[in-house]
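Notes to accompany the following structure.
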Amino acid sequence: MMDTSSAPGISAQSRTPWGTIAVTYLGGVVAAMSLGKFAPVGPAVAAELGLSLSQLGWVISTVVGVGAVAGLPAGYLVRRHGAERSLVTGLVLLAVASAAGAGAGGYAWLLVARGLEGIGYLLVTIACPALIARLAHERDRGTALSVWATFVAVGLGASTLAGGAIGAALGWRGWIGALATLTLVMALVVRVRLPRGSGLQTAAGPVPRTGALAWPGMLAAAFGLAVLMTIPVVVLLPTLLAEQHGYSAASAGAVTSVISVLSALGGLAVGMLLRRGSRVGVLALAGLLTLPAAWLMFGDHGSTQAALAGAGVISIENGFLGALGFATLPLVLERLDHADVGNGMVAQAGSIGSLLGPPMFGLVLEGPGQQALVPVIAAGIVASVGALLLVGRRAALPRP
């Protein structure tokens with residue numbers, strides 16, 4: 001097994017501090033709310049500030065773009081300054097940048113604010129799983145990290161619901177200001193709740209060598225491929241429902257919100273199965289269910305029910321494969337205190353997949369057509385599952 005004696009925050013504790021882990025998880029959920037905060041108020045923002053659809057798209061995706069560029073460097077930054085400090089700093093930066101965005105008078109101002117939010121979001125999403133991995137007892141680590149993997153689905157769902165209600169009552173600036181306040185409060189809660197003087201604030205041991213990052217790198221590639229092939233399905237679902245199945249914009253958005261939340265079920269399933277002793281390689285094979293689901297959604301059958309069933313399965317698989325990636329990472333690290341750098345690699349790969357997936361799918365739709373997406377998804381998922389199988393074999397090997 002991995003040497004945990006030198007990892008920060010690891011002690012002889014016999015119980016996992018689930019309360020502290022829950023607070024850390026909620027910090028990630030609040031950060032994910034900022035990620036999707038423009039979804040329910042996008043039209044109002046575009047109308048007031050005179051934004052084109054392309055400009056609004058950049059405002060929405062800038063946060064992910066920062067992760068795609070700076071994920072690994074941010075991992076080293078978190079390692080240098082400590083995961084606890086980085087989490088608090090990230091939440092404060094999110095709150096301040098969000099408040100600045102609430103006062104935006106034009107596109108440039110809003111874009112800069114979103115760029116700063118991207119930095120804060122990246123710090124949070126690297127620091128949280130590193131903290132959870134160090135806080136959790138070894139027997140609970142896989143379960144805790146699998147639950148962590150649901151933070152995006154829960155945060156986006158909460159943002160959609162709260163943003164719609166608050167935005168209708170207070171306007172889009174009121175909604176963003178309220179979220180900035182919530183994020184600042186969350187930063188204070190995290191600051192008070194996380195243990196002090198336990199070694200969590202500083203990294204121990206040497207910086208990971210290049211060779212030590214080979215297996216985490218393969219895991220990150222598998223994660224990035226899974227995101228590349230599953231996230232665009234949920235992104236494109238409202239358009240598919242409206243253009244091909246006669247849904248109104250409102251009903252298509254509501255159905256998509258429900259389906260996107262299903263990804264959380266996949267993450268919870270991984271946690272339960274790992275706790276029962278299931279092997280990583282066996283669980284990875286479940287990712288192949290994405291193949292028939294892709295045919296149900298994009299095949300030439302014209303059935304709305306089939307398309308929705310396929311989208312639901314793909315959403316669950318998105319959460320399942322993502323949770324499996326987070327839960328497996330500690331098993332392939334040379335030392336547990338390399339978790340921040342490893343999570344930086346995973347975050348960067350996932351951000352690249354999220355950023356490139358929708359435009360890539362759009363090009364296929366505009367060219368060969370939607371049926372061509374079936375073999376594209378199949379190729380990507382088979383490659384992702386293959387990489388996970390190799391990683392699973394490595395994770396099963398005993399180590400010093």
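The values are calculated or read from the model by the stated rules, or taken from the named source; none is laboratory data. Everything quoted here is computed from the prediction, not taken from an experiment. So basically every Cβ, Gly included, is an ideal-geometry build from the backbone, and we count neighbours across all protein chains shown. Areas reflect the complete protein model, heavy atoms only, side chains present, ligands, DNA and RNA absent. Shrake-Rupley method; radii C 1.70, N 1.55, O 1.52, S 1.80 Å.
So for region 72-95 (the condition being modelled with pLDDT of 90 or more and either outside any helix (DSSP H, G or I) or closer than 22 Å to residue 171 by Cβ (or both)), does at least one residue qualify?
Yes, some residue in region 72-95 is modelled with pLDDT of 90 or more and either outside any helix (DSSP H, G or I) or closer than 22 Å to residue 171 by Cβ (or both).
Can you name the helices (runs of 4 or more DSSP H) wholly within region 286-400 that have at least 2 residues being among the polar types (S, T, N, Q) and open to solvent by 10 Å² or more (accessible area, probe 1.4 Å)? Spell out how you get there, then give the answer.
Details: elements: 290-298, 304-332, 339-366, 373-396.
So the answer is 304-332, 339-366.
List pairs: first residue in region 140-168 and under 17 Å from residue 320 (Cα atoms) and at pLDDT 90 or above, second residue not hydroxyl-bearing (Ser, Thr, Tyr) and not in a helix (DSSP H, G or I) anywhere in the structure, Cβ distance under 7 angstrom, at least six positions apart or on different chains.
From region 140-168, the pairs are 144/136.
All but one of (1) closer than 23 Å to residue 154 by Cβ; (2) not in a helix (DSSP H, G or I) hold for residue 269; which doesn't?
Condition not satisfied by residue 269: (2).
Output the number of residues of region 144-158 satisfying the condition of being outside any loop (DSSP other than H, G, I, E, B) and closer than 18 Å to residue 346 by Cβ. Step through it out loud before you land on a result.
First, the residues of region 144-158 that are outside any loop (DSSP other than H, G, I, E, B): 144-148, 151-158.
Right, trim to closer than 18 Å to residue 346 by Cβ and you get 144-148, 151-153, 155.
Total meeting the criteria: 9.
Filter region 242-281 for residues that are aliphatic (A, V, I, L, M), over 12 Å from residue 319 (Cα atoms) and without any contact (Cβ under 8 Å) to a residue 60 or more places away in the chain; which is least open to solvent (accessible area, probe 1.4 Å)? Steps first, answer last, please.
Residues of region 242-281 aliphatic (A, V, I, L, M): 242, 249-250, 252, 254-255, 258-259, 261-262, 264-265, 268-270, 272-274, 280.
Retained after the next criterion (residues that are over 12 Å from residue 319 (Cα atoms)): 242, 249-250, 252, 254-255, 258, 272-274, 280.
Narrowing the set further to residues that are without any contact (Cβ under 8 Å) to a residue 60 or more places away in the chain leaves 242, 249-250, 252, 254-255, 258, 273.
Details: 242: 45, 249: 90, 250: 81, 252: 2, 254: 56, 255: 41, 258: 97, 273: 63 Å².
Going through the qualifying residues, I end up with 252.
Could you check how many residues of region 150-176 are of a type in the set (Gly, Ala, Ser) and surrounded by 20 or more Cβ atoms within 10 Å (Cβ to Cβ)? Write out each step before concluding.
Of region 150-176, the ones of a type in the set (Gly, Ala, Ser) are 153, 155, 157-159, 162-165, 167-169, 171, 174.
From what is left, the residues that are surrounded by 20 or more Cβ atoms within 10 Å (Cβ to Cβ) are 153, 155, 157, 159, 163, 167.
Counting residues in region 150-176 that are of a type in the set (Gly, Ala, Ser) and surrounded by 20 or more Cβ atoms within 10 Å (Cβ to Cβ) gives 6.
Looking only at region 10-43, filter to residues that are open to solvent by 20 Å² or more (accessible area, probe 1.4 Å) and either modelled with pLDDT under 65 or closer than 24 Å to residue 54 by Cβ (or both); which one of those is nearest to the chain's Cα centre (by Cα)?
Only one residue tops the list, namely 35.
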